[in-house]
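The values are calculated or read from the model by the stated rules, or taken from the named source; none is laboratory data. Source: prediction; values computed, not measured. As a convention, Cβ positions derive from the backbone with ideal geometry for all residues, glycine included, and neighbour counts pool all protein chains shown.
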Amino acid sequence: MRTLESLGDLRSQTVVVRCDLNVPLKEGVITDDGRIRASLTTIRELRAAGARVVLISHLGRPNGEPEAKYSLQPVAVRMAELLESPVSFVPETVGAAATAAVAALGDGDVVLLENLRFNAGETSKDDATRRAFAEQLAAFGQAFVSDGFGVVHRKQASVYDLAQLLPSAAGRLVAGELEVLKRLTESPQRPYTVVLGGSKVSDKLGVISHLLQRVDTLLIGGGMLFTFLAAQGHKVGASLLESDQLDTVRGYLAEADRLGVRIVLPTDIVVAEAFAADAAHEVVAADAIESSSFGAAGLGLDIGPETAKAFASVIEESSTVFWNGPMGVFEMAAFAEGTRTVARALTETQGFTVVGGGDSAAAVRALGFADDQFGHISTGGGASLEYLEGKALPGLEVLA
Ligand code: ADP
Ligand code: MG
């Protein structure tokens, strides 16, 4: 893979850098700046080399048009604080103002353009539409650096097409993430445990068939656990459920049996009356979710204490652990215990531990753990999962 060295002398060159600055925001305030911090190494290096730096990123999932709550403006402010140097911000991605701001850059200056996904071309499935947007981005500079690890699995304009329009290379973050993931794919130490949770259930179910070939134990928490429980014939109340995936999940359970891989499902669940921080909640057996006081209206929002303890003991006996996806709705204190117990187990095991995923990384920090208590905290959840599956990632292929 091409790295920054391949771009040669960058003095006075304008370099477009795709970062993943998709940080969690609550009422306009950044609640975890981990992804901004993770981007600094490359930016500092480019500035030191005298490059003129144009940062591009997405934030959240706007629908191809501007939406104030997804503005990157707060990110520019935080980035400037961390760099201890000005970062100008342009409230559009492409257009006259963006062009003028880029033209005004001096050596070592940094500008952040507005959210890429305010433009329908960024994520378009139509090759020509995507390409046209990428061409507008390419017009800003003489070189492209791909450093948004969280998006390298996406065939998007700023990730895939842009890399083919300019001399391009992987940034330090992408290169560093790959080093770690290689350790997980090329002869990982066993026992090897993968912990899956979170809410992007349909995205994540697909990785299981590949993981089954590679791991010793899978621990299932978060939103996807309910599809597993339902596949075993249990009622799950109003919990997250992918009913069209039940057969697939049954297939995974059978496959795991054949391969001798353990899939560990929760035995108890924290069930709530509503999706709210102050909702009434109870712990019930996983096979009797509708037996809570809330009946069929109850929603499972965390794994129960018995499950958390069982997961922790598997993790503590593992030599390699990869974790993606919070065990519950950790943003609400009442449903954060499962995630906390799993996180603590990762910090206590002797094994090599990797936490991947934007929300997973935010969760461990929000719960008071330090980055250095883990072997590695990856900025990409989906990207690292797809890498572990052995898939070709479009954003890396173009840097080969
Ligand atoms: P990551 O960003 O680490 O890949 P995801 O984006 O897939 O993780 O999922 C994170 C979200 O999953 C969190 O916001 C959390 O509240 C949510 N979540 C976890 N468990 C549940 C559950 N049982 N029901 C609903 N949402 C859940
Ligand atoms: Mg997420």
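Return the residue satisfying two criteria in turn: it lies in the range 224-243 and is near ligand 1 (Cβ under 8 Å from one of its atoms) and crowded, with 23+ Cβ neighbours inside 10 Å, and of such residues it is nearest to Ile303 (Cα to Cα). Among those that are near ligand 1 (Cβ under 8 Å from one of its atoms) and crowded, with 23+ Cβ neighbours inside 10 Å, it is Leu225.
In this structure, does Leu346 turn out to be assigned to a helix (DSSP H, G or I), over 25 Å from Phe144 (Cβ atoms) and modelled with pLDDT of 95 or more? Can you show your working first?
Values: assigned to a helix (DSSP H, G or I): yes; over 25 Å from Phe144 (Cβ atoms): yes; modelled with pLDDT of 95 or more: yes.
Yes; evaluated as a whole, the condition is true for this residue.
The range 77-192 holds helices (runs of 4 or more DSSP H) entirely within its bounds, and those carrying 1 or more residues that are among the acidic types (Asp, Glu) map to 127-138, 172-185.
Which of the residues spanning the range 48-75 are more than 23 Å from Gly357 (Cβ to Cβ) and of a type in the set (D, E, K, R)? Once the filter is applied, which keeps residues that are more than 23 Å from Gly357 (Cβ to Cβ) and of a type in the set (D, E, K, R), the range 48-75 yields Arg52, Glu65, Glu67.
Within the range 81-110, the set of residues being of a type in the set (D, E, K, R) and either buried (at least 18 other Cβ atoms within 10 Å of the Cβ) or within 21 Å of Glu45 (Cα to Cα) (or both) comprises Glu81, Glu84, Asp107, Asp109. Checking each residue in the range 111-139 for being closer than 21 Å to Leu40 by Cα and over 25 Å from the mean Cα position of the chain (by Cα) picks out no residue at all.
Given the residues Gly338, Gly328, which is the only one that is buried (at least 24 other Cβ atoms within 10 Å of the Cβ) and within 16 Å of ligand 2 (Cβ to nearest atom)?
Numbers: Gly338 fails: within 16 Å of ligand 2 (Cβ to nearest atom).
That would be Gly328, the only listed residue that is buried (at least 24 other Cβ atoms within 10 Å of the Cβ) and within 16 Å of ligand 2 (Cβ to nearest atom).
Among the residues of the range 350-377, those that are farther than 19 Å from Ser318 by Cα and within 13 Å of ligand 2 (Cβ to nearest atom) comprise Gly357, Gly358, Asp359, Ser360, Ala361, Ala362, Ala363. Residues in the range 368-384 that are out of contact with any His (no Cβ under 8 Å at 6 or more places or on another chain) and within 13 Å of Phe322 (Cβ to Cβ): Phe374, Gly375, His376, Ile377, Ser378, Gly381, Ser384. Restricted to strands (runs of 3 or more DSSP E) entirely inside the range 198-313, those with at least 1 residues that are of a type in the set (S, T, N, Q), at pLDDT 95 or above and more than 17 Å from Pro326 (Cα to Cα) are 217-220.
A quick yes/no check of all residues on (1) under 30 Å from Thr379 (Cβ atoms); (2) within 12 Å of ligand 1 (Cβ to nearest atom); (3) of a type outside the set (A, V, I, L, M, F, W, C):
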residue	(1), (2), (3)
Val249	yes, no, no
Ala256	yes, no, no
Ala277	yes, yes, no
Ala296	no, no, no
Ile303	yes, yes, no
Ile315	yes, no, no
Val321	yes, no, no
Gly338	yes, yes, yes
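Count of the range 190-223 residues, restricted to those that are away from ligand 2 (no atom under 16 Å from the Cβ) and within 21 Å of Ala310 (Cα to Cα), is 14. With respect to the stated conditions, Val17 fails to be over 22 Å from Phe144 (Cβ atoms), of a type outside the set (Ser, Thr, Tyr) and under 21 Å from the mean Cα position of the chain (by Cα). Restricting the range 365-384 to residues that are near ligand 1 (Cβ under 10 Å from one of its atoms) and in a helix (DSSP H, G or I) leaves a set whose member that is surrounded by the fewest Cβ atoms within 10 Å (Cβ to Cβ) is Gly382.
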